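Asks: Have a look at this one.
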Amino acid sequence: MIRRKDLTPHRACDSHEFRTPLHWRGELMLCDSGVSKRSEVNNSDNFEKLLVRRQSASSSQSPLTANGFLLSIIFLLSCFSSVAQDTTRIKLLFVGDIMQHDSNIAGAYNPVTKKYDYSACFEYVSPILRLADLAIANLELTLAGAPYKGYPQFSAPDALAVELKRSGIDVLVTANNHSLDRRRKGVERTIDVLDSLGFQHTGTFKDSLARVETYPLIIEKDGFQFSLLNYTYGTNGIPVSKPNIVNLIDTVAIKVDLAKAREQQSDAIIVFLHWGLEYQSLPSKDQKTVAALCLREGAKLVIGSHPHVLQPMVWNKEADQVIAYSLGNFVSGQRPRYRDGGAMFWVELQKVKQDSIATTSIKNVEYELEWVQKTGSKPDFVSFPFRYFEGDTLLVKNKTSQEAFMLFAKDSRTLLNKHNVNVKELAHKKSDTLIYSIRLAVQELDSAQLADPILNFYGVEKVDFESYSTFMLGTFYELELARQALVDLQTKTVIGPARIVRRIDLEDYKQHR
C-alpha cells in the first residue's frame, strides 16, 4: 500500500510583489511547553476550581510557599495556553492541462482487449499524486462518449477518468475553451461521469440551480475547508446550450462569486483560471490584471492553465498569497519544444487554532517537473516525473527522447529560476537502486494461471494500491533480466499483454527504510 509521506519544507525569502489591500495574516508562535496535570486544566471551569483550591490552601502558608504557589500558577497558565492551541497542516498538489489528442487516444487502445488502458500513462506520477492530501487538475476535454476524438473537438474515453481517479486526482476543474466541444451532451455527460467516479468538480453546470447549490465548490479535507472557483476566457466561439452554464472570466461575476466565497468562511479561497496566450512563457497583462482582482477580493491561491507551456510562479509572503500563471501540460499529444511536459505545484498550508480563532497561512511552496514520453509503441505517452527519471537512459528509451527530456529540463529551469518569486524546485534524491518487474494486464489470475511454471519460476505478486490492485512478475535489478523474463512470459504462457515497469514503490521503500 502506497501511503502519503511528508515533504520537507523549503526555505523562505522575502518578496514585495502583488501587494493588496487584504490585511496580512501572520503566523502565530507555538508554545512547546509540556502539560502537567492536563486533566485538571483541560477547560476554564476546571482551571478556576483549581485556582480557588490553591488560593484557599495558600492562605495559611509561609511567604516562600506562597511564592512557589504563584510560580506554579504562572506555569499552569502557560500550559493552559498551550493546550488551547492546535496546529494542523495540509499539502495541496496542482497539475496542469489533461488533454487527449488523437495520438493519445490511439496509444491507449489495446487491440487485444479492444479497450482503452491508461494505466501506463500515469503509473509513475501516481505515487506523487498520492503523497498529496488533495490533488487538483484541469480537465481540458469532454467525456461525451464515442466517437472518441482529439483536436479540435475533444471527447476522451471514460477510461481516462477512471485512471485519473485511481492515480490519485481528487478534484477536476472543467471550465475551459473545450468545454463545449460536444455541445450539451458533452457538458452533461462529462458531469455525469465525474459524479459516478466520485470526483469533486466545478466550472461547468447542467443548469443555474446546480450552480447556485454548488458554487463556489466547498472542499473539506483533514479539518480544512476550501472554496474553489473556476473560469475560462472563452469556449472557442461555441455558444452555451441552455440551460447549461460554463463559467466565463467576467470581472463583475468573479467579484460577486468571491463575495459568496468569503461568506463560506473557508480556510482558503482558490481560483483556477483558464486564461492567457497559448505557447507564451510569460503572463499577459490581462492575466496579471485578473489575478490582482482575485487576490484583492480574497483569494489566497490563483492557479492558471491554457498556455500549454510553463509560466512563472509567485509566492508573496507578505500578503500570504500565491499565483501560478500556467503549469503547462500534465498529459497531451503535443510534442513541440516547451509543450511536452509541465509542473506539479505543491502548496502546504498551516492552520493554527487558538481558542475559537483559526488562522490559515501558506507554509511552503515548491514545484517539481514531469515530462511526457511518446514511445511510438503501445502503451504510448508515459508521464515521467523528474524525481524518478532525470538521467534515466533505460526507460527514457532512445537518444531523441533523452535529448527532448534534457531540453525540457533546461528550458523549464531557465525560465522558472529567472522569473519565479520565492518558489524553488523540490529537491529530490536519485535512487541508488533501480528495480524492475513485469506488470500483467490482467486484473485476476485463476488457479491454473497461478500454477504456470513461468509464473512460479519468476514469482508473481499482487500489489495493492489505494483503489485497485495489479499483478507484478518478478523483481529484477537489471533491465536485461526483466526483458528476458518478458520474452519468456510472452512466448511460453497465455497470460496476455504485459510490460516492464520501474518499481517506484520498492525503490522508495529501499531508499527510506
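The values are calculated or read from the model by the stated rules, or taken from the named source; none is laboratory data. Since the model is a prediction, treat every value here as computed from it, not as a measurement. Quick reminder, even Gly has a Cβ in these numbers, built from the backbone with ideal geometry, and neighbours come from all protein chains shown.
Asks: Looking only at the stretch 112-125, which residues are in a helix (DSSP H, G or I) and either under 20 Å from residue 340 (Cβ atoms) or aliphatic (A, V, I, L, M) (or both)?
Replies: 120, 121, 122
Asks: While we're looking at this one, here's another question. Which one of these is hydrophobic (A, V, I, L, M, F, W, C) and either assigned to a loop (DSSP other than H, G, I, E, B) or buried (at least 23 other Cβ atoms within 10 Å of the Cβ) (or both): 159, 137?
Replies: Unique residue meeting the criteria: 137.
Asks: Taking the stretch 284-294 as the region of interest, how many residues are surrounded by 23 or more Cβ atoms within 10 Å (Cβ to Cβ) and out of contact with any strand residue (DSSP E or B) (no Cβ under 8 Å at 6 or more places or on another chain)?
Replies: The number of residues fulfilling the criteria is 0.
Asks: Now, a different point. Answer yes if at least one residue in the stretch 272-280 is on the phi > 0 side of the Ramachandran plot and assigned to a loop (DSSP other than H, G, I, E, B), and no otherwise.
Replies: Looking for residues that are on the phi > 0 side of the Ramachandran plot and assigned to a loop (DSSP other than H, G, I, E, B), one finds at least one in the stretch 272-280, hence yes.
Asks: Confirm whether residue 381 is in contact (Cβ under 8 Å) with a residue 24 or more places away in the chain, touching a strand residue (DSSP E or B) at 6+ places or on another chain (Cβ under 7 Å), on the phi > 0 side of the Ramachandran plot and buried (at least 20 other Cβ atoms within 10 Å of the Cβ).
Replies: Yes; evaluated as a whole, the condition is true for this residue.
Asks: Here's another thing I want to ask about it. Output the number of residues of the stretch 355-404 satisfying the condition of being of a type outside the set (Asp, Glu), farther than 17 Å from residue 427 by Cα and assigned to a loop (DSSP other than H, G, I, E, B).
Replies: 14
Asks: Listed residues 449, 490; which is at pLDDT below 90 and either surrounded by fewer than 14 Cβ atoms within 10 Å (Cβ to Cβ) or not in a loop (DSSP other than H, G, I, E, B) (or both)?
Replies: That would be 449, the only listed residue that is at pLDDT below 90 and either surrounded by fewer than 14 Cβ atoms within 10 Å (Cβ to Cβ) or not in a loop (DSSP other than H, G, I, E, B) (or both).
Asks: What do you reckon, is residue 337 among the charged types (D, E, K, R) and in a helix (DSSP H, G or I)?
Replies: no
Asks: Okay, next question. From the list 318, 297, exactly one residue is surrounded by fewer than 21 Cβ atoms within 10 Å (Cβ to Cβ), of a type in the set (Asp, Glu) and farther than 17 Å from residue 415 by Cα. Which is it?
Replies: The conditions single out 318.
Asks: Follow-up question, since we're still on this one. Can you find a residue that is part of a loop (DSSP other than H, G, I, E, B), assigned by TED's automatic domain parsing to the domain that holds residue 389 and either surrounded by 18 or more Cβ atoms within 10 Å (Cβ to Cβ) or modelled with pLDDT of 95 or more (or both) anywhere in the stretch 412-421?
Replies: Within the stretch 412-421, one or more residues are part of a loop (DSSP other than H, G, I, E, B), assigned by TED's automatic domain parsing to the domain that holds residue 389 and either surrounded by 18 or more Cβ atoms within 10 Å (Cβ to Cβ) or modelled with pLDDT of 95 or more (or both).
Asks: Here's a follow-up. Condition (residue is touching a Leu at 6+ places or on another chain (Cβ under 6 Å) and crowded, with 20+ Cβ neighbours inside 10 Å) applied to the stretch 331-343: is it met by at least one residue?
Replies: yes
Asks: Follow-up question, since we're still on this one. Quick one: how many residues across the stretch 246-302 are β-branched (Val, Ile, Thr) and over 22 Å from the mean Cα position of the chain (by Cα)?
Replies: Looking only at that region, the number is 8.
Asks: Ok, one more. Taking the stretch 166-201 on its own, how many of its residues are in contact with a helix residue (DSSP H, G or I) (Cβ under 7 Å, 6 or more places away or on another chain) and more than 30 Å from residue 464 (Cα to Cα)?
Replies: 3
Asks: Of the residues 238, 218, which is assigned to a loop (DSSP other than H, G, I, E, B) and either at negative phi or not basic (Lys, Arg) (or both)?
Replies: Exactly one of 238, 218 is assigned to a loop (DSSP other than H, G, I, E, B) and either at negative phi or not basic (Lys, Arg) (or both), namely 238.
Asks: So, one more: With the checklist (1) under 17 Å from the mean Cα position of the chain (by Cα); (2) surrounded by 22 or more Cβ atoms within 10 Å (Cβ to Cβ); (3) among the hydrophobic types (A, V, I, L, M, F, W, C) in hand, flag the one item residue 219 doesn't pass.
Replies: Against the list (1) under 17 Å from the mean Cα position of the chain (by Cα); (2) surrounded by 22 or more Cβ atoms within 10 Å (Cβ to Cβ); (3) among the hydrophobic types (A, V, I, L, M, F, W, C), residue 219 comes up short only on (2).
Asks: Being over 30 Å from residue 166 (Cα atoms) and in the same structural domain as residue 163 (by TED's automatic domain parsing) is true for just one of 219, 238. Which residue is that?
Replies: That would be 238, the only listed residue that is over 30 Å from residue 166 (Cα atoms) and in the same structural domain as residue 163 (by TED's automatic domain parsing).
Asks: Additional query: Can we say residue 230 is assigned to a strand (DSSP E or B) and within 22 Å of residue 141 (Cα to Cα)?
Replies: Against the criterion (assigned to a strand (DSSP E or B) and within 22 Å of residue 141 (Cα to Cα)), residue 230 qualifies.
Asks: What about residue 300, is it basic (Lys, Arg), under 30 Å from residue 383 (Cα atoms) and out of contact with any Cys (no Cβ under 9 Å at 6 or more places or on another chain)?
Replies: Spelling it out, residue 300 is indeed basic (Lys, Arg), under 30 Å from residue 383 (Cα atoms) and out of contact with any Cys (no Cβ under 9 Å at 6 or more places or on another chain).
Asks: Then there's this: All but one of (1) under 20 Å from residue 404 (Cα atoms); (2) surrounded by fewer than 22 Cβ atoms within 10 Å (Cβ to Cβ) hold for residue 350; which doesn't?
Replies: Result: residue 350 passes all but (1).
Asks: I would also like to ask the following. Look at the stretch 101-125 and say how many of its residues are under 24 Å from residue 192 (Cα atoms) and of a type in the set (Ser, Thr, Tyr).
Replies: 4
Asks: For residues that are assigned to a strand (DSSP E or B) and either free of Cβ contacts under 8 Å to residues at least 60 places away in the same chain or small (Gly, Ala, Ser) (or both), scanning just the stretch 173-207, find the one that is nearest to residue 242 (Cα to Cα).
Replies: 205
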